Amino acid sequence: MDLSGVRCLVVGAGFWGATLAERIAAGLGQRVLVADRRGHPGGNCYSRKDEETGIEAHVYGTHVFHTKNARVWEYVNRFGGFSGYRHRVWTEHQGRVYPLPISLATLNSFYGLNLRPAEAAAFIAGEAARDGVREPSNLEEKAVSLLGRPLYEALIQGYTRKQWNRDPRELPPSIITRLPVRSSYNTDYFDDPWQGLPLDGYAALISRMLAHPLIDLCLGVSYADIAGQIPADCRVFYSGPVDELFRFSLGALEWRSLRFEWSVEPVADFQGCPVLNQADADIPFTRTHEFKHLHPERGPQGEKTLLAREYPLNFVPGGEPFYPVNTPANEALLAAYREKLRHFPRLTLGGRLGSYRYLDMDAAIEAALACFDALREEGPAGKPWRERP
Ligand code: UDP
């Protein structure tokens with residue numbers, strides 16, 4: 001592959017890379033090459049129609065778009081419409097099913113009570129006070145302070161151990177604050193004002209982002225394949241793992257990975273909801289995705305249904321990195337890699353993999369738009385490129 005003349009390279013065609021490429025092409029009028037090691041763009045939000053059922057499969061697990069950022073919402077809507085879908089999740093614990101996140105419905109069902117909102121808040125505060133956690137310093141303490149120990153042990157502890165393969169006391173509190181806790185019967189998964197799914201799927205949406213004539217898209221091409229040929233004055237936006245960029249010279253960052261077990265069931269509706277979590281530690285998978293429920297606007301979608309069971313896995317080189325494991329040891333390694341990056345002013349890192357952060361899709365777009373704002377200030381010529389890793 002000939003890269004001579006390439007002034008701007010984006011590595012990774014997920015939302016972060018696609019947003020930057022689109023902005024650089026359409027906003028700065030500059031040609032940009034986008035390379036992705038996979039055979040499709042879209043990163044982990046990629047979806048495609050399943051051949052047997054015609055149901056849209058989220059290949060890397062259910063991805064629901066949600067944001068409170070007006071700029072991000074306006075931006076993604078330029079590339080296609082979104083349905084009004086609002087995500088709802090249920091979780092199974094010892095043969096009973098509860099709505100998630102924890103709401104008045106979960107609480108009353110779990111304790112067999114009929115509390116009103118004000119009573120619920122006082123009840124949870126009483127449960128939490130029994131553990132006496134003041135300043136939560138890990139996921140377990142945070143969850144107990146928000147929910148009380150019984151609900152934590154039933155719905156959070158086992159799931160979190162499976163998901164992260166770690167004691168929740170070794171994980172940061174921020175992971176659990178992704179889930180709201182409500183004292184109302186609102187069972188939405190997300191609080192954000194703007195939510196939905198691309199009406200014709202993520203693949204179509206991302207393809208429209210990348211359709212600008214100044215964007216050249218190369219699929220099946222990894223950074224390692226082209227690193228030696230990148231011209232010295234090329235600006236690089238990299239959304240792969242930072243340890244891989246530096247050939248693991250300081251060591252490997254830890255990731256959690258996932259494996260999906262796919263099946264087609266001969267029933268119109270298997271579980272009655274899009275995502276059913278398994279809270280108990282003795283069930284090896286964390287959740288079952290039933291994709292047809294993500295698009296109620298498409299009607300019943302046939303007499304069969306497509307499922308994917310999600311099994312968390314340790315990441316091994318060559319596998320798929322999904323979740324950064326933001327423990328103190330990994331954060332220290334990340335800081336050391338970031339220090340090395342200071343020597344490469346024409347290289348910018350981002351996305352979930354590049355920033356080693358648990359970013360949602362909207363946060364990846366928001367970060368890319370902020371990066372573009374800075375780039376516009378800097379001007380397309382950019383700072384001098386010194387050296388490539
Ligand atoms: N979580 C849990 N039980 C559940 C769902 C989530 O304990 O049934 C915890 C778990 O630690 C997980 C975190 O909440 O890592 C965030 O969940 P989220 O659904 O945001 O994870 P994602 O969809 O990004 O995998």
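Charges at C-beta only: +1 for Lys and Arg, -1 for Asp and Glu. How large is the resulting dipole of the chain about its Cα centre, in Debye rounded to 20?
It works out to roughly 780 debye.
Note the full-extension length gain between S257 and N114 as 0.36 nm times their separation in residues minus their Cα-Cα distance, in nm to one decimal.
47.5 nm
For the stretch 252-333, report the % of Cα-Cα distances exceeding 22 Å.
Result: 42 percent of Cα pairs exceed 22 Å.
With 19 Å as the cut-off, how large is the P(r) tail for the stretch 202-281, expressed as percent of Cα-Cα pairs?
Every Cα pair in the stretch 202-281 considered, those over 19 Å come to 68 percent.
Scanning the chain for GluC sites (Glu not before Pro) in DSSP loops with at most 12 other Cβ atoms within 10 Å, what's the longest stretch left with none?
Longest site-free region, per DSSP loop and neighbour criteria: 53-302.
Answer rounded, prolate or oblate for the chain, using the Cα gyration tensor with square roots of eigenvalues a ≥ b ≥ c: rounded when a/c is under 1.5, else prolate when a/b is larger than b/c, else oblate.
prolate
If you plug each phi of the stretch 192-206 into the Karplus form 6.51 cos²θ - 1.76 cosθ + 1.60 with θ = phi - 60°, what whole-Hz ³J(HN,Hα) values come out, in order, with x for Gly and Pro?
With the stated coefficients, the stretch 192-206 comes to 4, x, 10, 9, x, 10, x, 4, 10, x, 5, 4, 5, 4, 5 Hz.
Using the beta-carbon distance between A26 and S174 and R0 = 41 Å, what value does 1/(1 + (r/R0)^6) give for FRET efficiency, to the nearest 0.05?
Plugging the Cβ-Cβ distance into 1/(1 + (r/R0)^6) gives 0.75.
Using amide H atoms built 1.01 Å from N in the peptide plane, name the residues 5+ places from T348, or on other chains, whose amide H lies under 5 Å from its own.
V236, F237, Y238
How far apart, in nm, are two points set 7 Å out from the Cα along the Cα-to-Cβ line at H212 and at A374?
Taking the two extended label points, one gets 1.9 nm.
Taking K and R as +1 and D and E as -1, what net charge do the other residues with C-beta under 13 Å from the C-beta of Y356 add up to?
It works out to a net charge of 0.
Can you say what percent of the DSSP beta bridges in the chain, counting only those with both residues inside, are antiparallel? Round to 5.
Taking every DSSP beta bridge within the chain, about 60 percent pair in antiparallel fashion.
Please compute the contact order of the chain in relative form: average sequence separation of alpha-carbon pairs under 8 Å and at least six residues apart, divided by the residue count, as a percent.
Relative contact order, the chain: 26 percent.
Counting alpha carbon pairs within less than 8 Å and at least 6 residues apart, what relative contact order, in whole percent, applies to the stretch 254-325?
About 51 percent, as a whole number.
With r defined as the distance between the Cβ atoms of H343 and M1 and R0 fixed at 25 Å, what FRET efficiency is calculated, to the nearest 0.05?
0.45
Could you check the spin-label model distance between A335 and A281? Points 7 Å from the Cα along Cα→Cβ, value in nm.
3.2
Under the rule of -39500 (n - 2.57) per DSSP H run of 4 or more residues, summed and divided by the residues of the chain, what mean residue ellipticity at 222 nm is obtained, to the nearest 500 deg cm²/dmol?
Taking each H run of at least 4 residues, the total per residue is -8000 deg cm²/dmol.
Semi-axes, largest first, in whole Å: what does sqrt of 5 times each Cα gyration tensor eigenvalue give for the stretch 1-147?
44, 21, 16
Taking amide H positions as placed 1.01 Å from N in the peptide plane, with prolines and chain starts having none, which residues 5 or more places from I55, or on another chain, fall under 5 Å of its amide H?
Distant-sequence amide H within range of I55: D50.
Convert each backbone phi in the stretch 349-358 into a coupling constant with the Karplus relation 6.51 cos²θ - 1.76 cosθ + 1.60 (shift: θ = phi - 60°), then list the ³J(HN,Hα) values in order as whole Hz, x for Gly and Pro.
9, x, x, 5, 6, x, 8, 6, 10, 7
Tell me which lysines have Cα within less than 24 Å of K49's Cα, excluding those fewer than 8 residues away on the same chain?
K292, K304
Apply 1/(1 + (r/R0)^6) to the Cβ-Cβ distance of E297 and S249, taking R0 = 35 Å, and write down the FRET efficiency to the nearest 0.05.
Once the sixth-power term is evaluated, E becomes 0.10.
Using a cut-off of 9 Å between beta-carbons, work out the net charge of the residues near R169 (Lys and Arg +1, Asp and Glu -1, R169 not included).
-3
Whole-Hz Karplus ³J(HN,Hα) for the stretch 9-18, in order, using 6.51 cos²θ - 1.76 cosθ + 1.60 and θ = phi - 60°, x for Gly and Pro?
Karplus values, whole Hz, x for Gly and Pro: 10, 10, 9, x, 9, x, 4, 5, x, 5.
Where a number appears in this text, it was derived from the coordinates with a stated rule and is not lab data. Everything quoted here is computed from the prediction, not taken from an experiment. With ideal geometry, Cβ positions are generated from the backbone for all residues, glycine too; neighbour counts draw on all protein chains shown.
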